[in-house]
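Notes to accompany the following structure.
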Amino acid sequence: ERSNLAGVRHILLVLSGKGGVGKSTISTQLALSLRHSGKKVGILDVDLCGPSIPRMFSVQDNDVHQCDSGWVPVFVDQDKSISLMSIGFLLEKPDDAVVWRGPKKNALIKQFVADVAWGDLDFLIVDTPPGTSDEHISTVEALRPYKPLGAILVTTPQAVSVGDVRRELTFCKKTGLRVLGIVENMSGFVCPHCSECTNIFSKGGGEELAKHAGVPFLGSVPLDPQLSQSLEEGRDFIQEFPKSSAFPALTHIAQQILDGTLQRSS
Amino acid sequence: AEAAALRERLRSVKHTVLVLSGKGGVGKSTFSGLFPVGWGGWFVFQVALLDIDICGPSIPKMMGLEGEQVHQSGSGWSPVYVEENLGVMSVGFLLSSPDDAVIWRGPKKNGLIKQFLRDVDWGEIDYLIVDTPPGTSDEHLSIVQYLSAAHIDGAVIITTPQEVSLQDVRKEINFCHKVKLPVIGVVENMSGFICPKCKNESQIFPPTTGGAEKMCQNLNVSLLGKVPLDPQIGKSCDKGQSFLSEAPESPATTSYRNIIQRIQEYCDQHHFQEEKII
């Protein structure tokens with residue numbers, strides 16, 4: 001029997017030790033960029049307590065249906081070029097808290113990895129909650145037979161974030177997950193009124209960490225209110241705001257992922 | 001017997017406040033770290049700060065205690081003292097290197113949290129502040145369960161203005177209702193940014209659905225206050241210094257102090273009411 005992940009060419013995880021650094025944002029923008037390069041992308045959201053992905057594509061009210069091979073992922077538009085799975089689609093009410101201990105979370109994650117009928121995808125992006133616990137251990141274990149491409153680690157520039165991301169790097173090492181690179185998010189804010197740049201959350205910590213750990217630095221993404229707004233409204237930032245300050249960095253990250261996969265196949 | 005041991009240990013704690021959020025990165029640890037320092041006034045409170053974020057312990061760094069170790073004595077584990085009246089406990093103190101990852105499933109995390117409550121010799125405390133990781137899972141269920149032996153005044157919930165945070169925070173408020181944990185109120189952090197050059201305000205994290213104010217109205221909980229973004233906050237946390245002391249003139253400092261005062265007033269009133277009942 002063909003596994004539901006058999007048609008997925010590349011699996012990559014988006015991790016961070018730290019919460020609120022922009023994992024879901026980067027997952028979303030990476031998917032949108034890859035789609036604009038003609039790729040078919042799926043996002044698996046394994047943040048069971050705080051699922052952010054559905055809203056970022058404006059499909060938070062959608063339901064999940066079953067088919068013969070399992071759950072049908074939610075498509076974000078008619079093109080079916082981006083598909084999603086998240087616990088957000090399984091909640092009766094959006095404010096329902098998922099108050100589960102580890103074992104129950106692990107069981108759902110195993111199902112999410114095995115039972116979603118993704119079909120053929122160029123990329124499956126796995127968005128994770130912060131930490132190095134049940135969700136992360138279970139996801140890596142369940143994905144191991146499918147040989148993921150690796151992990152992108154997201155941090156913000158300040159030391160308090162970098163401190164947690166160092167631990168996540170250790171997690172990757174211990175679980176044999178290749179680190180594709182580090183993204184430094186919320187790296188500076190350019191005032192739209194006077195163009196003065198303020199480093200609200202410091203600067204440079206992500207780049208230094210990449211150097212220190214000997215992993216690729218994928219780029220710095222600035223704070224961009226248009227990006228925040230797009231995420232709030234579930235809009236396609238990559239399509240609608242090509243002149244925005246975060247656009248070059250985000251598309252550059254996607255390009256590096258694409259180049260990396262090309263290198264791997266040749 | 002275990003419940004009795006916990007009860008005994010926590011008997012000397014007057015007030016307990018949990019700092020929660022459904023969402024990560026909204027400023028729980030930042031707030032928890034400032035809370036003990038945020039009081040003016042005549043009284044010197046004895047404060048314990050317990051960090052139960054086992055995977056991502058931020059408190060040691062923020063309090064300038066990186067590299068400190070926990071010592072054992074006859075009466076249990078000693079917290080690490082920032083000042084004479086402020087003791088801190090975190091898994092961070094049990095790790096030997098900044099790269100050490102705590103890759104534990106739920107049950108092991110619960111075990112450590114129980115130890116933190118049972119084996120740490122806090123002494124007589126006026127306030128136990130518990131900093132938590134984001135979410136509604138093992139750590140949160142366990143701390144509520146273990147602290148039921150003592151008495152929790154309530155939870156302070158931290159959010160940022162945008163819907164992507166609020167949607168998680170509503171879940172956290174529901175969690176509080178489920179486990180019968182009173183919600184003292186909500187703090188809206190990162191609420192606007194004033195450019196230091198042109199002084200115009202930008203909403204970096206826009207309150208597209210009305211921010212914490214609207215959410216609090218809808219859910220009938222208190223909005224304790226709003227704190228604007230200030231680059232000095234991140235810098236102080238990174239340096240392990242108190243932002244309130246480093247930037248006393250900042251609007252964020254004023255907001256924090258007002259919020260902390262409101263929480264203290266809530267706890268005092270609550271205590272008074274409890275005493276009345278007895």
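Can A:Pro129 be described as assigned to a loop (DSSP other than H, G, I, E, B), touching a strand residue (DSSP E or B) at 6+ places or on another chain (Cβ under 8 Å) and either at the interface with chain B (Cβ under 9 Å from one of its Cβ atoms) or touching a residue at least 12 places away in the same chain (Cβ under 8 Å) (or both)?
Numbers: assigned to a loop (DSSP other than H, G, I, E, B): yes; touching a strand residue (DSSP E or B) at 6+ places or on another chain (Cβ under 8 Å): no; either at the interface with chain B (Cβ under 9 Å from one of its Cβ atoms) or touching a residue at least 12 places away in the same chain (Cβ under 8 Å) (or both): yes.
The answer is no for A:Pro129.
Only residues that are in contact with a Leu (Cβ under 7 Å, 6 or more places away or on another chain), more than 7 Å from every other protein chain (Cβ to nearest Cβ) and of a type outside the set (D, E, K, R) were counted across the stretch B:193-239, and they come to 4. The C-beta contact set for the stretch A:94-105 (first residue within 7 Å of chain B (Cβ to nearest Cβ), second residue among the hydrophobic types (A, V, I, L, M, F, W, C) and not in a loop (DSSP other than H, G, I, E, B), distance under 6 angstrom, 6+ apart or interchain) comprises A:Ala97/B:Phe175; A:Val99/B:Phe175.
For A:Val190, indicate whether it is at pLDDT 95 or above, under 22 Å from A:Gln29 (Cα atoms) and of a type outside the set (S, T, N, Q).
Values: at pLDDT 95 or above: no; under 22 Å from A:Gln29 (Cα atoms): yes; of a type outside the set (S, T, N, Q): yes.
Answer is no for this residue.
Taking the criterion of being within 14 Å of chain A (Cβ to nearest Cβ), without any contact (Cβ under 8 Å) to a residue 60 or more places away in the chain and open to solvent by 40 Å² or more (accessible area, probe 1.4 Å), would at least one residue in the stretch B:75-94 satisfy it? Yes - at least one qualifying residue is present in the stretch B:75-94. For the stretch A:137-163, the set of residues classified as of a type outside the set (A, V, I, L, M), within 14 Å of chain B (Cβ to nearest Cβ) and open to solvent by less than 30 Å² (accessible area, probe 1.4 Å) consists of A:Ser138, A:Thr139, A:Thr155, A:Thr156, A:Pro157, A:Gln158, A:Ser161, A:Gly163, listed by residue number. Selection of the stretch A:75-93 for residues being in contact (Cβ under 8 Å) with a residue 40 or more places away in the chain, surrounded by 21 or more Cβ atoms within 10 Å (Cβ to Cβ) and not in a strand (DSSP E or B) yields A:Ile87, A:Gly88. Just one of the listed residues (A:Leu44, A:Leu13, A:Leu32, A:Leu5) is away from chain B (no Cβ under 14 Å), over 30 Å from B:Pro57 (Cβ atoms) and buried (at least 23 other Cβ atoms within 10 Å of the Cβ), and it is A:Leu32.
Scanning the stretch A:47-67 for residues being closer than 16 Å to A:Arg235 by Cβ and either of a type outside the set (D, E, K, R) or buried (at least 24 other Cβ atoms within 10 Å of the Cβ) (or both) gives a total of 8. Of the residues screened, B:Ser255 is not one that is surrounded by 18 or more Cβ atoms within 10 Å (Cβ to Cβ), touching a Leu at 6+ places or on another chain (Cβ under 8 Å) and of a type in the set (S, T, N, Q). Of all residues in the stretch B:145-180, those satisfying the criterion of being open to solvent by 10 Å² or more (accessible area, probe 1.4 Å), closer than 26 Å to B:Glu8 by Cα and either acidic (Asp, Glu) or in contact with a helix residue (DSSP H, G or I) (Cβ under 6 Å, 6 or more places away or on another chain) (or both) are B:Tyr146, B:Ala149, B:Ala150, B:Val179. Using the structure shown, decide if B:Gly106 is open to solvent by less than 20 Å² (accessible area, probe 1.4 Å), farther than 19 Å from B:Ser32 by Cα, in contact with a Pro (Cβ under 9 Å, 6 or more places away or on another chain) and at the interface with chain A (Cβ under 7 Å from one of its Cβ atoms). So B:Gly106 fits the description; yes.
Listed by first and then second residue, the pairs with beta-carbon distance under 8 Å, at least 6 apart or on different chains, first residue in the stretch A:195-210 and at the interface with chain B (Cβ under 9 Å from one of its Cβ atoms) and among the hydroxyl-bearing types (Ser, Thr, Tyr), second open to solvent by 30 Å² or more (accessible area, probe 1.4 Å) and assigned to a loop (DSSP other than H, G, I, E, B), are A:Thr198/B:Pro196.
Is it the case, given these coordinates, that A:Lys174 is open to solvent by 10 Å² or more (accessible area, probe 1.4 Å), within 11 Å of chain B (Cβ to nearest Cβ) and among the basic types (Lys, Arg)?
Details: open to solvent by 10 Å² or more (accessible area, probe 1.4 Å): yes; within 11 Å of chain B (Cβ to nearest Cβ): yes; among the basic types (Lys, Arg): yes.
Criteria met by A:Lys174.
Listed by first and then second residue, the pairs linking a residue in the stretch B:44-64 that is over 19 Å from B:Asp138 (Cα atoms) to a residue that is assigned to a loop (DSSP other than H, G, I, E, B) and of a type in the set (S, T, N, Q), with Cβ atoms under 8 Å apart and 6 or more places separating them unless they lie on different chains, are B:Val44/B:Asn85; B:Phe45/B:Asn85; B:Gln46/B:Asn85; B:Val47/B:Asn85; B:Gly64/B:Gln241. Report yes if some residue within the stretch B:149-163 is facing another protein chain (nearest Cβ under 7 Å) and touching a residue at least 12 places away in the same chain (Cβ under 8 Å); otherwise report no. For the stretch B:149-163, residues facing another protein chain (nearest Cβ under 7 Å) and touching a residue at least 12 places away in the same chain (Cβ under 8 Å): present.
The values are calculated or read from the model by the stated rules, or taken from the named source; none is laboratory data. Keep in mind that this is a model prediction, so the values were computed, not measured. All Cβ positions, even for glycine, are placed from backbone atoms using ideal geometry, and neighbour counts span all protein chains on display. When the accessible area is computed, the model is the full protein with side chains, heavy atoms only, and any ligands, DNA or RNA have been set aside. Shrake-Rupley method; radii C 1.70, N 1.55, O 1.52, S 1.80 Å.
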